[in-house]
Amino acid sequence: MLVMRGIVKQFPGVRALDGVDLDVRAGEVHCLLGQNGAGKSTLIKVMAGVHQPDEGTVEFNGQRVRPSGPNDAIKLGFATIYQELDLVDGLSVTDNIFLGHEHARLGFVNRAAGNRAARQVLERLGHPEIRPTTEVGRLSPAAKQVVSMARALSHDARLIIMDEPSAALAHDEVANLFRIIRELTSQGVAVVYISHRLEEIREIGDRVTVLKDGRTVAVGLPARDTPTSQIVSLMTGRNVEYVFPPRPEAPAGGPPGEEVLRVEGLTSPGAFRDVSFAVRAGEIVGLAGLVGSGRSEILEAVYGARPSSGRVVLSGKQVRKSVVGNVRRGMGLAPEERKAQALLLDQSVTANITLGSLPGFAKFGWLDRTRERAEAERLAKALDIRPPDPERPVKTLSGGNQQKAVLARWLLGSRKLLLLDEPTRGVDVGARAELYAVIRDLADRGIGVLLVSSEVPEVLGLADRVLVLREGSVIHEGDARELDEHLVLDMIMNGRAA
Amino acid sequence: MSDPTKPRSDTGPPGIALPGRAGGNPLGRLTEAGHMGLLVAIALLVVVGLVTKPAAFATTSNLVSILSLAATIGVITVGATFVIIGGGIDLSVGAIMALASVWATTVATQEFGPVVMAICAILVGTGTGLVNGLLIAYGRLVPFIATLAMLVAARGLAQRMSDRKTQLIQPENSAIVELSTTRVLGVPLLVYIFALVVALGWVLLNRTTFGRRTYAVGGNPEAARLAGIDVRRHTMLLYALSGLCCGIAAVLIMARTTTGSSTHGDLYELDAIAAVIIGGTLLTGGRGTIIGSILGLLIFTLITNLFILNGLNTSDQLIAKGLIIVVAVLLQRRNLKERAP
């Protein structure tokens, strides 16, 4: 039904898709697998008409198509249900289902007809209990998902793309989701299903396509019989060699440094529960897990940016959970969304670097700009930020250099603990090696580092110790050298503790 | 660690030695690009004045009256620039000024003499601004709503205190009025006060941690928070600062009109916001300059002056001002696009 050949999509600095093939048959559930950054999201957006491919062809029912925008794709019969549901909370169920193609005449909405049609679609999905007039904001996540699906059906979709639909659902709600999917496929609708959970793919999937580094590495594997080991090695076997700096030769058994962070029974309802661990000076501790496993949320809670219960002890002193206080006491965070959460894009590299330690550059509020600039220049040189002009607006830098500016921010003042959330996201391969070296260097200077990355090899290669997270709990803790990628992926996807 | 003896001159980018560029000012490039257009506009208006009313326009007394007119709103505009760069908006400035002027000229306050009257106006302004700040930063009200409520309430309170009567400054307190009548080098004192506020505002914005944080809080509040800046406290201080400027403005309007009145400063908030916008400050925060705002205000004041000199309709004047706002913003948007990477 849908055949994609040699799809290439180039973004500034990144080749997100580098020759992807996909063929989806009518009435099947086609699963898309791949690690984070493999190109799944980009591929979905190409299908949904959000991105236009630079090369390659898309055929739908034997005809070449080239959707120029989301509306075009919808007209072709493609519907996409995104990970973050794109519903308007303030509107009713009916209004959401028919948003953009309301039952209306001359601009006047015919509510009765709309509600009737909405009821029909909801019944077809097996959810007559969702009332068409309810405001969507008051529905549970599972019901919202049904509304999203109803919207797809209302367009008479022939192909429905679901991006991690089970991520927000409880166990029994997933069963209902599968029931709906089976019903749709029995009517000839094709479903492209994206999930990290292998057991779901075994249960609902027909065939599997695996993406890796923007390329298809396997097309149309049988979802039920392909051995897990084969799937995992397809996902992980890589062309790109990661270059990690060597670990310092830690004396076995002997503590490398004093404890800078101790976390006891940290719990944040809905994100993670009862998490305890410690980070010592000079040590890099990695958190491995899927999106939604609680890894970023743990960093936020330690930093004081997310409400939580439990104890956080920094250098022997229990801290009150406030960002302002924690920064003063020597914590620093390089957040996941560099541009949205860390950088002042219009401002200079200097202003960005000194943002976290302004009082250190001021007497009675008066900034010593000469010293500020000298320090920024020194750090820019030390971290090799290019171009080496600290007065440039930070938005003109590449992703890797922007990340270095964020790291540089926390090299000022006396930091004891750095929290790094996806430090290499959106950074090209060459710059990654440099960042790894910088991070290791930080640890060697006696800073404790807590690292989160969705790329398992990165956690294993960079960290000294690894905590494996699944659904908000730590399921394994151990020396990074005793783990390998297969083992960790198996743990985070199948929940098998080693 | 650092070398404080390092000469300043070599901190610019290597190889791009631009003569006259504002050293290493992080916003040097922006200020220059934005201000050229404003200066051209002012030059054009001056030419219009010279051509249409050569005898009346280019006199000292006319120029002094332009600056005196600009002084009151000018002081308010400095505060408004901070608030808007910090990502907020203050609609209550005119009303706060009116309240401060009334409070400072009540019979009870006037008994204590001119110094206490001035201090009273400034304290009332700062206090009212602080209430705005508390409501917005800690009460989590949207700035538009909190300051709209304050606009209505402060003016109401001013009416109640003054019983809707204009309160004259008593002869024994004429020291306040002398701020507008005493001239140094032919220029009234209140213009010097205006210049001083602008200078202090510029220093505060460009040379202190407070200013740097203002850009950070307005440009990316989440990044500011995660960098350890107390965003709420800073937001509160921004509104208090705006209130402080309103208090100073109240003293100036008392000097100019010899009265305190609940009708002072009607619609000043619109002129102040318009001046800030014309000056190139983004309403979304994070970018802007004091100098730009003052130039924007001068453009507005010059237009008023030219219309009065030429005996033109005040309605046409409003239309012209409306057009200027739109044109200024359209031009700035084009500038922004050109500068984007």
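The values are calculated or read from the model by the stated rules, or taken from the named source; none is laboratory data. Note that this is a predicted model, so its numbers are computed, not measured. Every residue, glycine as well, gets a Cβ built from its backbone with ideal geometry; the counts of neighbours run over all protein chains shown. To get the accessible areas, we keep the full protein, side chains included, count just its heavy atoms, and leave off ligands, DNA and RNA. Shrake-Rupley method; radii C 1.70, N 1.55, O 1.52, S 1.80 Å.
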Open item on the list: Please report the spacing between the Cα centers of the stretch B:239-293 and the stretch A:393-454 in Å, no decimals.
Closed with: 43 Å
Open item on the list: If packing is taken as the average number of other Cβ atoms within 10 Å across a peptide's residues, how do B:199-208, A:132-141, B:285-294, A:187-196 rank, most packed first?
Closed with: B:285-294, A:187-196, B:199-208, A:132-141
TODO: Report relative contact order for chain A in percent, whole number only (criteria: Cα-Cα under 8 Å, sequence separation at least 6).
DONE: 15 percent
Task: Under the Karplus curve 6.51 cos²θ - 1.76 cosθ + 1.60, θ = phi - 60°, whole-Hz ³J(HN,Hα) for the stretch B:212-229, x wherever Gly or Pro sits - done: 4, 5, 4, 4, 5, 5, x, x, 7, x, 5, 5, 4, 4, 6, 8, x, 8
Open item on the list: What do you get for the angle between helix A:171-186 and the principal long axis of chain A? Use alpha-carbon atoms, 0 to 90 degrees, nearest ten.
Closed with: 40 degrees
Task: Qualifying lysines (Cα of each under 29 Å from Cα of residue A:339; at least 8 residues distant if same chain) - done: A:9, A:40, A:45, A:212, A:321, A:381, A:395, A:404, A:416, B:337
TODO: Over chain A, give the accessible area per residue in Å² for a 1.4 Å probe, as an integer.
DONE: 41 Å²
Open item on the list: What number does the stretch B:56-339 give for Rg over Rh if you use C-alpha atoms and the Kirkwood radius?
Closed with: 0.97
- [ ] Distance between Cα centroids, the stretch A:32-102 to the stretch B:75-145: provide it in whole Å.
- [x] 51 Å
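Once you sort the root eigenvalues of the Cα gyration tensor of the stretch B:246-341 as a ≥ b ≥ c, which label holds: rounded (a/c under 1.5), prolate (a/b larger than b/c) or oblate (the other case)?
oblate
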TODO: Compute, for residue A:482, the solvent-accessible surface of its heavy atoms (probe 1.4 Å) with the complete set of protein chains present, and express it in square angstrom to the nearest 10.
DONE: 140 Å²
Task: 5 angstrom amide H check on residue A:215, placed H, neighbours 5+ away - done: A:18
- [ ] Taking each pair of different alpha-carbon atoms in the protein assembly as shown once, compute 1/r for the pair, average those values, and report the inverse of that mean as the Kirkwood hydrodynamic radius in Å to one decimal.
- [x] 30.8 Å
- [ ] Compute for chains A and B the buried accessible surface, both sides summed, probe 1.4 Å, and express it in Å² to the nearest 100.
- [x] 3400 Å²
TODO: Restricting to chain A, compute how many DSSP beta bridges are antiparallel as a %, nearest 5.
DONE: 60 percent
Task: Under-5 Å amide H pairs with residue B:166, H placed in peptide plane, nonlocal only - done: none
Open item on the list: I'd like the distance between the alpha-carbon centres of the stretch B:159-224 and the stretch A:141-165, rounded to an integer number of Å.
Closed with: 58 Å
Task: Of all accessible heavy-atom area on chain B, the percent that carbon and sulfur account for (1.4 Å) - done: 69 percent
Open item on the list: I'd like the mean, over residues of A:381-392, of how many other protein chain beta carbons sit within 10 Å of each residue's own Cβ.
Closed with: 2
Task: Ordering of B:173-184, B:226-237 by burial proxy (mean other Cβ atoms within 10 Å per residue, highest first) - done: B:226-237, B:173-184
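Please list B:215-224, A:92-101, A:263-272, B:89-98 highest first by mean number of surrounding beta-carbon atoms within 10 Å per residue.
Details: B:215-224: 23.8, A:92-101: 20.7, A:263-272: 16.3, B:89-98: 29.3.
Per-residue mean Cβ counts within 10 Å order the peptides as B:89-98, B:215-224, A:92-101, A:263-272.
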Task: Per residue value of the accessible surface for the stretch B:56-339 (all protein chains in place, 1.4 Å probe), Å² - done: 41 Å²
TODO: Enumerate the calculated ³J(HN,Hα) couplings along the stretch B:249-261 in order (Karplus 6.51 cos²θ - 1.76 cosθ + 1.60, θ = phi - 60°), each rounded to whole Hz, writing x wherever the residue is Gly or Pro.
DONE: 4, 4, 4, 5, 6, 4, 5, 6, 9, 6, 9, x, 8
TODO: Just need log10 I(q)/I(0) for the stretch A:35-166 at q = 0.12, 0.13 Å⁻¹, Debye formula, equal scatterers on the alpha-carbon atoms, no solvent, rounded to two decimals.
DONE: -0.51, -0.59
Open item on the list: What is the percent carbon and sulfur in the accessible area of the stretch A:259-494, measuring with a 1.4 Å probe over the protein chains and ignoring ligands?
Closed with: 49 percent
Task: Helical mean residue ellipticity (222 nm; -39500 (n - 2.57) per DSSP H run of 4+; nearest 500) of chain A - done: -9500 deg cm²/dmol
Task: Residue mean of other protein chain beta carbons inside 10 Å, A:300-309 - done: 1
Open item on the list: Under 8 Å for C-alpha pairs, at least 6 residues apart: give me the relative contact order for the stretch B:56-339, rounded to a whole percent.
Closed with: 34 percent
Open item on the list: To test your reading of the geometry: what angle, between 0 and 90 degrees and rounded to tens, separates the Cα axis of helix A:369-382 from the longest principal axis of chain A?
Closed with: 70 degrees
Open item on the list: Please compute, for peptide A:320-332, the average count of beta-carbon atoms on other protein chains lying within 10 Å of each residue's beta-carbon.
Closed with: 2
Task: Antiparallel DSSP beta bridges within the stretch A:259-494, percent to nearest 5 - done: 55 percent
Open item on the list: List the residues, sorted by chain then number, that are 5 or more residues from residue A:447 or on another chain and whose placed amide H is less than 5 Å from its amide H.
Closed with: A:282
TODO: Note the angle between two axes, namely the Cα long axis of helix A:111-124 and the longest principal axis of the Cα atoms of chain A, as a number of degrees from 0 to 90, rounded to the nearest 10.
DONE: 80 degrees
Open item on the list: Just to be sure I understand: with springs between alpha-carbon atoms less than 10 Å apart, which residue in B:129, B:279, B:139 has the highest mean-square fluctuation in the Gaussian network model of chain B?
Closed with: B:139
